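Since every read-out is calculated from the coordinates, none of them should be taken as a lab result. Because the structure is a prediction, the values reported are computed rather than measured. All Cβ positions, glycine included, derive from the backbone under ideal geometry; neighbour counts span all protein chains shown.
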Amino acid sequence: MKRGLLLLFLLSLNLFAKFEVITLGNSGGVKAGTTTSYILRDIGSKEYLALDAGSVVNGLEEALKKGNFKDIKVPEDSNYTKLGYIFRESIKGYFLSHAHMDHIAGLVLSSTEDTKKNIYGLPSVIDILEKNIFNWKVWPNFGDSGEGFKLGVYSYKKLEIGKEFKIEGTELYGQVFPLSHSNYESSMLLIRSGEEYFAFFGDTGPDKVEKSQLLNNIWKELGPKLKAGKLKGIIIEVSFPNSTEDKNLFGHLTAKWLMEEMKVLSEYSGGTEKLKNLNIIINHIKPNFLKNVDNEKTVKKEIEALNIYKIKFLYPKQRESMIF
Ligand SMILES: [Zn+2]
Ligand SMILES: [Zn+2]
């Protein structure tokens, strides 16, 4: 009995943990302050990278209330609240998968209180921010290029596809891969710390519907890492229930399409048994206002019903911390 308890205790410490991921927002729209954003760090460090920024301060506030960030101490001479300190000092940069509003709104609204940081993204994403957001029309120019006076809070870092870069101020490295999001460019960031990896997907449609090879290319990249036990987790979207017709997906996945894609991943990872217990956080379920229609419940049910590979699907709420 005692030995059993000790084992449970050791397991709860998660000795093989590498990354912490806190959900700042995970919905696909409708309610401001709840849309896609996560922060990730190497467990041995205090510095986070933000993965999309649909909601930032709302999510941090909720996460703080839940008792996260215990190891982060605000220096005594700081004039900032703990929330302010974490937002300003513990988040070292932003990766933006694409420039849709539900992935950038939090960053834009909190920019007035932010410290100097890098924004990492594909050139198409940075161009949209520069031309259409931080342009003194929609919002002041907090960037370091673009229209009018440049406030220079954010340094734009245009990423080259597949080329590894250092995420400044953290222990992390990144590599970006493009995704097809209904004739719009989105992307996936493959994060590395030491020998281990975590993959964050922006919005994406399935290859078959998008008439694309981009997910296939990514599975080819991730397969060997999964096979070698080095892929600690994935965040990917499932926006709609299976009943949604392909023509109405607008560059998103359903449970059925996600499983089709998982099959491709299994082909590159040496068989379906490699998918067993793979951690996958489901992001971006689209809420609606219909009576008696709960998309969140439906999507979860559909994913679990199709989960023949015994993948460990996770549905963290805004403010939850998870260790991988
Ligand atoms: Zn979205
Ligand atoms: Zn989108």
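So if we plug the beta-carbon distance of L64 and A17 into 1/(1 + (r/R0)^6) with R0 = 35 Å, what FRET efficiency do we get, rounded to 0.05?
Working: r = 21 Å, r/R0 = 0.61.
Working from the Cβ atoms, E equals 0.95.
If a spin label sat at a point 7 angstrom from the Cα of K166 along the line to its beta carbon, the backbone N atoms of segment 118-137 nearer than 16 Å would be those of 118. The Cα center of segment 64-85 and the Cα center of segment 193-251 differ in position by 35 Å. Modelled spin-label separation between L290 and K150, with each label point placed 7 Å from Cα along the Cα-to-Cβ direction: 4.8 nm.
Taking the empirical scaling 2.2 N^0.38 Å for compact globular proteins as reference, segment 273-323 has a Cα radius of gyration ratio of 1.30.
Using a simple charge model, +1 on the beta-carbon of Lys and Arg, -1 on the beta-carbon of Asp and Glu, nothing else, what dipole does segment 193-296 show about its Cα centre, in debye to the nearest 20?
Numbers: 14 positive and 15 negative charges, 39 e Å.
Magnitude of the dipole: close to 180 debye.
Think of segment 177-324 as a dipole: +1 on every Lys or Arg Cβ, -1 on every Asp or Glu Cβ, centred on the Cα centre; then among F250, I191, N279, N279 lies furthest on the positive end.
A Cα-only calculation for the chain places Rg and Dmax at 19.4, 69 Å.
Taking K225 as the anchor, which aspartates and glutamates have their alpha carbon closer than 17 Å to its alpha carbon, excluding any fewer than eight residues away along the same chain? Here the aspartates and glutamates satisfying the reach criterion relative to K225 are E164, E195, E196, E261, E267, E273.
Remark: the Cα gyration tensor places segment 66-179 in the oblate category, a/c being 1.5 or greater and a/b not exceeding b/c.
Compare the peptides 60-73, 276-289 by average per-residue count of other Cβ atoms within 10 angstrom and give them in order, highest first.
Details: 60-73: 15.2, 276-289: 18.6.
Top to bottom by mean Cβ count within 10 Å: 276-289, 60-73.
Quick check: from the Cα gyration tensor, does segment 178-233 come out rounded (a/c under 1.5), prolate or oblate?
Numbers: a/c = 3.44, a/b = 1.94, b/c = 1.77.
Judged from the Cα gyration tensor, segment 178-233 comes out prolate (a/c at least 1.5, a/b above b/c).
Here's the picture: charge each Lys and Arg Cβ at +1 and each Asp and Glu Cβ at -1 in the chain, and of S155, N141, G270 the one pushed furthest to the positive end of that dipole is G270.
Helical content alone sets the calculated 222 nm signal of the chain at -7500 deg cm²/dmol, taking -39,500 (n - 2.57) per DSSP H segment of four or more residues and averaging over every residue. Over segment 212-320, the reciprocal of the mean inverse Cα-Cα separation, the Kirkwood hydrodynamic radius, stands at 14.6 Å. Length available on full extension from A32 to E304: 0.36 nm per residue minus the Cα-Cα distance, which gives 95.1 nm.
Pairs spanning more than 26 Å between alpha-carbon atoms, out of K208/K286; K66/K297; K166/K220; K158/K300; K31/K163; K211/K256: K158/K300; K31/K163.
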